[in-house]
Amino acid sequence: MKIYFVRHGVTEGNIKNHYQLPTISLSEKGFEQANFIADRIKNENIPIDIIFSSPMKRASQTAHVIADKIGHSVIDNELFEEVKSPSVVRGKSKEDPEVKAIMQQVKANFTNSDWKHSDEENYFLVRDRAKKALDFLLSRKEQNILVVTHGEILKMMLSIVIHGDDLTPQIYEKIKSVFAVFNTGISKLEFNDLGWYIRAWNDHAHLGETQ
């Protein structure tokens, strides 16, 4: 089985350094990026049997651009949504003093299973959801799967692929800090009888100088 993970195209929220609402749309540049990756998948004849997407608008729009280009439909799946910040900060600047104060608390308690600010996801919730996402993909009969998702949840899935049950919060934080994910970068993972293989990570050659 081959799984191609694509991060969504860029949004104004990315550019303005905001915590993003699930309803935020791709920017003009984001649509360009989505078309670049769609053209690459089509022109390189990358075999795709099925497309799954986070239902968050920026991912769904990216997925539909690709799907329209290669003649597929898109199936939404909430397992591939981005890691959730508290609702109170979504749509707001990361530089806002009130937002910074809230997120400092959230980040300080990210690995504390007994603490929550409100409706955000902590390490354990993100880890469990990422495990479910990978198990879901492995349960599929299709051999070539495209998933349009988000940067942080993708890093958690990568962490689980590499470390499995040995994953710790400390390892995850290290992976999260060093593995970059560009908008519409493509990562190729393979699973066979011997386990997981990472064949490509964050390949964004299709973006050229537009990244």
Original post:
Is there a residue in the range 169-181 that is farther than 24 Å from Asp76 by Cβ, more than 17 Å from the chain's Cα centre (by Cα) and surrounded by 14 or more Cβ atoms within 10 Å (Cβ to Cβ)?
Top reply: yes
Original post:
Does any residue in the range 150-167 that is free of Cβ contacts under 8 Å to residues at least 60 places away in the same chain and surrounded by fewer than 19 Cβ atoms within 10 Å (Cβ to Cβ) come within less than 7 Å, Cβ to Cβ, of a residue that is outside any helix (DSSP H, G or I) and of a type in the set (Val, Ile, Thr) six or more places away or on a different chain, and which pairs are these?
Top reply: Val161/Ile198
Subject >> Residues satisfying the stated conditions in the range 122-151, i.e. in contact with a helix residue (DSSP H, G or I) (Cβ under 7 Å, 6 or more places away or on another chain) and part of a helix (DSSP H, G or I) >> reply: Tyr123, Val126, Arg127, Arg129, Ala130, Lys131, Lys132, Ala133, Leu134, Phe136
**OP:** Go through (1) closer than 24 Å to Glu142 by Cβ; (2) of a type in the set (A, V, I, L, M, F, W, C); (3) in contact (Cβ under 8 Å) with a residue 60 or more places away in the chain; (4) buried (at least 19 other Cβ atoms within 10 Å of the Cβ) and name the single condition Val10 misses.
**Re:** (1)
Original post:
Out of Gly195, Gly185, which single residue is more than 25 Å from Pro86 (Cα to Cα) and loosely packed, with under 12 Cβ neighbours inside 10 Å?
Top reply: Gly195
**OP:** Considering every residue within the range 53-75, establish whether at least one is closer than 24 Å to Tyr172 by Cα, touching a helix residue (DSSP H, G or I) at 6+ places or on another chain (Cβ under 6 Å) and in contact (Cβ under 8 Å) with a residue 12 or more places away in the chain.
**Re:** yes
Original post:
Mind checking whether some residue in the range 11-21 is more than 14 Å from the chain's Cα centre (by Cα) and of a type in the set (A, V, I, L, M)?
Top reply: yes
**OP:** State all residues of the range 108-119 that are of a type outside the set (S, T, N, Q), closer than 20 Å to Ser177 by Cα and either surrounded by 13 or more Cβ atoms within 10 Å (Cβ to Cβ) or at pLDDT below 95 (or both); if no residue qualifies, say none.
**Re:** Phe110
Original post:
Can you find a residue in the range 89-98 that is farther than 17 Å from Asn17 by Cα, of a type outside the set (A, V, I, L, M, F, W, C), assigned to a loop (DSSP other than H, G, I, E, B) and touching a residue at least 12 places away in the same chain (Cβ under 8 Å)?
Top reply: no
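Has the range 127-143 got any residue that is under 13 Å from the mean Cα position of the chain (by Cα), over 25 Å from Ser73 (Cβ atoms) and touching a residue at least 24 places away in the same chain (Cβ under 8 Å)?
no
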Subject >> Only one of Ile24, Ile37 that is closer than 19 Å to Leu189 by Cβ and aliphatic (A, V, I, L, M) >> reply: Ile37
Subject >> Residue list for the range 13-52, restricted to those being under 19 Å from Ala205 (Cβ atoms) and free of Cβ contacts under 8 Å to residues at least 24 places away in the same chain >> reply: Asn43, Glu44, Asn45
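The values are calculated or read from the model by the stated rules, or taken from the named source; none is laboratory data. All of these numbers come straight from a predicted model, not from anything done at the bench. Here Cβ is always computed from backbone atoms with ideal geometry, including for glycine, and neighbour counts include all displayed protein chains.
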